[in-house]
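Have a look at the structure below before the remarks.
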Amino acid sequence: MNKSRYFFELVKTYNDEIDDLVTDSEGKPVLQKRLNDKRKEFDAILPMIEFSPEMVAVVFYGAFGFNSPEIMRQLVLSEPDEAGFLAWDELASDLTVSAWAEPLIASAIKVRGGDVFLVTTAALEFLRLRGSSDAPVLEPEAEKEPGDDDDEGDEQDLREAGAAWLVEQGFDSLEH
């Protein structure tokens, strides 16, 4: 699924954070216990949304159902400072929210940045559930200066070599 640069960067760290919670050092499953612990500490970790939102967002693991996948697909293509990035009160009507998450949402919405954090969290959960390995939507390239064409062949070779390497690693080909 295509996503903005914002979500492309965050979803990997979000998924890594979840992976860290799944098992203990002995390999025993502890995800639910660790999620419950984080949920109890929510107010204490909430200030982290400013510098590590993915570490707090895991608290909402499994909290959302998505009534409109199309709205979510549009959301993950946007950046927080763009018009396409919905406010929480606009997005909430397109979600089902687990009852246990309601008090956490009420706490988050009160803090500075809480609105963006909640929208981001819902989008990260959507990406987690829908698969999130595709590349970001790239911004259009700036117009080339005269003489920039000299490197075009080298750039194409590098892109092809990179694509071939990814296929060797088991990723799907980018060519359709």
Q | ³J(HN,Hα), Karplus 6.51/-1.76/1.60, whole Hz, each residue of the stretch 80-87, x for Gly, Pro | A | x, 9, 9, 5, x, 7, 6, 7
Q) Under 25 Å Cα-Cα from Lys110, which lysines qualify once same-chain neighbours fewer than 8 residues away are excluded? A) Lys38, Lys40
**Q.** Relative contact order (%) - criterion: Cα under 8 Å, at least six apart; region: the stretch 5-130
**A.** 30
Q) Could you give the nm distance between label points at Ala87 and Arg112, where each point is 7 Å from its Cα heading toward the beta carbon? A) 1.9
**Q.** Segments 108-116, 3-11 sorted - mean Cβ within 10 Å per residue, highest first
**A.** 3-11, 108-116
Q: For the stretch 16-62, run through the chymotrypsin sites (Phe, Trp or Tyr not before Pro) and keep only the ones in DSSP coil with at most 15 other Cβ atoms within 10 Å of their Cβ.
A: Phe51
**Q.** Extended-chain gain in nm, criterion 0.36 nm per residue less alpha-carbon gap, Met1 and Met55
**A.** 17.2 nm
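Cut-off is 10 Å between beta-carbons; in what order do Ser78, Ser52, Ser25 appear when sorted fewest neighbours first? It would help to have the intermediate numbers written out before the result.
On the way: Ser78 19, Ser52 13, Ser25 6.
In order of increasing Cβ crowding within 10 Å: Ser25, Ser52, Ser78.
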Q. What FRET efficiency comes out for the pair Asp20/Ala99, r = Cβ-Cβ distance, R0 = 22 Å, nearest 0.05?
A. 0.25
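Throughout, read-outs are computed from the coordinates displayed, never taken from laboratory work. Nothing here was measured: the structure is a model prediction, and the numbers come from that model. Don't worry about glycine lacking a Cβ; one is built from the backbone with ideal geometry, like all the others, and counts go over all protein chains shown.
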